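Report on the structure given below.
The values are calculated or read from the model by the stated rules, or taken from the named source; none is laboratory data. No experiment lies behind these values; they were computed from the predicted model shown. Every residue, glycine among them, receives a Cβ derived from its backbone with ideal geometry; neighbour counts consider all protein chains shown. The accessibility values were calculated without ligands, DNA or RNA, using every heavy atom of the protein model including side chains. Shrake-Rupley method; radii C 1.70, N 1.55, O 1.52, S 1.80 Å.
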Amino acid sequence: MESHFIAYMYRLRYIERWSLMRNTTRENVAEHSYHVALLAHMLCEIGNRIFGRSLNADRAASMALFHDATEVFTGDIPTPVKHHNPRMLANFRELEAMAAERLLGMVPPALKAAYAPLVSGTAAPSPGAAPAAPADASGTARGDAPGMVSGAAASVTAPEAASTTEPGVASELALDAGAPPIDEADRELLKMLKAADLLDAYIKCLSELSSGNREFAVAKGQTEQALALLKMPEIDWFLAHMAPSFSKTLDELSEQE
């Protein structure tokens, strides 16, 4: 029996992001997922090699590649729409869950165990990991519902940034209380994934502003605020050493090699 799973994943290139914003350069979900995978891997290696952590960078990259997989069916719904009220968000999470179930139904049975935790948005326990602690009433220590990345920053909320027009930024930092618990190692990777998702939004803002597009000025400030709320040294290191390059032209980059 043939499987349409990867064919659908390839169609993420037709789903555009930042749909409420005027863009000088269009961005689709497939390239966003690739960029988030690069950034998640990089943040983990920064953590490991500069801050002495033990993070599975390869696993983080895999999680990032699939973090928006359900959008092949739901489309990329802007945050102000998704977070208009709790009922709207709950309905969207239900829609995401149905999209994940549909995608998983296309995965060949022999491969389902590998892709179920990635597509469903809840990371499976790592081999040998200790059982996860139950979440408290606020949702701390839980992963998000399908869509995964919105549950990456444990117990952090940013209501002041909820007006952002980019899906997956500040207003999605709050954890969903109804998601199943995950182990500590994967919870740390989900934080890295959230950070990578935010950094990609930040880089998009830098790129648009460098092109003279003031449409992204407020979004940049909101994303900076959301990144600061995560309080991660890996983010600070990346912003200090790597982010400035995204505001430079190719000639400026070449001169400094």
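Here are a few things to note about the model shown:
- Filter pass, Arg13 being in contact with a strand residue (DSSP E or B) (Cβ under 7 Å, 6 or more places away or on another chain), basic (Lys, Arg), farther than 26 Å from Met232 by Cα and surrounded by fewer than 16 Cβ atoms within 10 Å (Cβ to Cβ): yes
- Long-range neighbours under 6 Å by Cβ, at least six apart or interchain, first residue more than 16 Å from Ser33 (Cβ to Cβ) within the stretch 183-206, second surrounded by fewer than 22 Cβ atoms within 10 Å (Cβ to Cβ): Asp183/Pro125; Asp183/Ala129; Asp183/Ala132; Ala185/Ser126; Ala185/Ala129; Cys205/Lys220; Leu206/Phe246; Leu206/Ser247
- Residue in the stretch 114-135 that is open to solvent by less than 60 Å² (accessible area, probe 1.4 Å), modelled with pLDDT under 90, part of a helix (DSSP H, G or I) and not hydrophobic (A, V, I, L, M, F, W, C) present: yes
- Only one entry of Ala99, Ala69 meets the criterion of being at pLDDT 95 or above, in a helix (DSSP H, G or I) and either within 18 Å of Trp18 (Cα to Cα) or not polar (S, T, N, Q) (or both), and that entry is Ala99.
- Odd one out for Asn213 among (1) modelled with pLDDT under 95; (2) surrounded by 14 or more Cβ atoms within 10 Å (Cβ to Cβ); (3) out of contact with any helix residue (DSSP H, G or I) (no Cβ under 7 Å at 6 or more places or on another chain); (4) closer than 26 Å to Glu16 by Cβ: (1)
- Residue pairs meeting the criteria (Cβ under 6 Å; at least 6 apart or on separate chains; first under 21 Å from Ser3 (Cβ atoms), in the stretch 87-106; second assigned to a helix (DSSP H, G or I)): Ala99/Phe73; Ala99/Thr74; Ala100/Val119; Ala100/Ser120; Leu103/Val119; Leu104/Ala116; Leu104/Val119; Met106/Phe5
- For Ser3: the one exception among (1) surrounded by fewer than 16 Cβ atoms within 10 Å (Cβ to Cβ); (2) in contact with a Ser or Thr (Cβ under 7 Å, 6 or more places away or on another chain); (3) not in a helix (DSSP H, G or I): (2)
- Options Ser33, Ser54: the member that is without any contact (Cβ under 8 Å) to a residue 40 or more places away in the chain and open to solvent by less than 20 Å² (accessible area, probe 1.4 Å): Ser33
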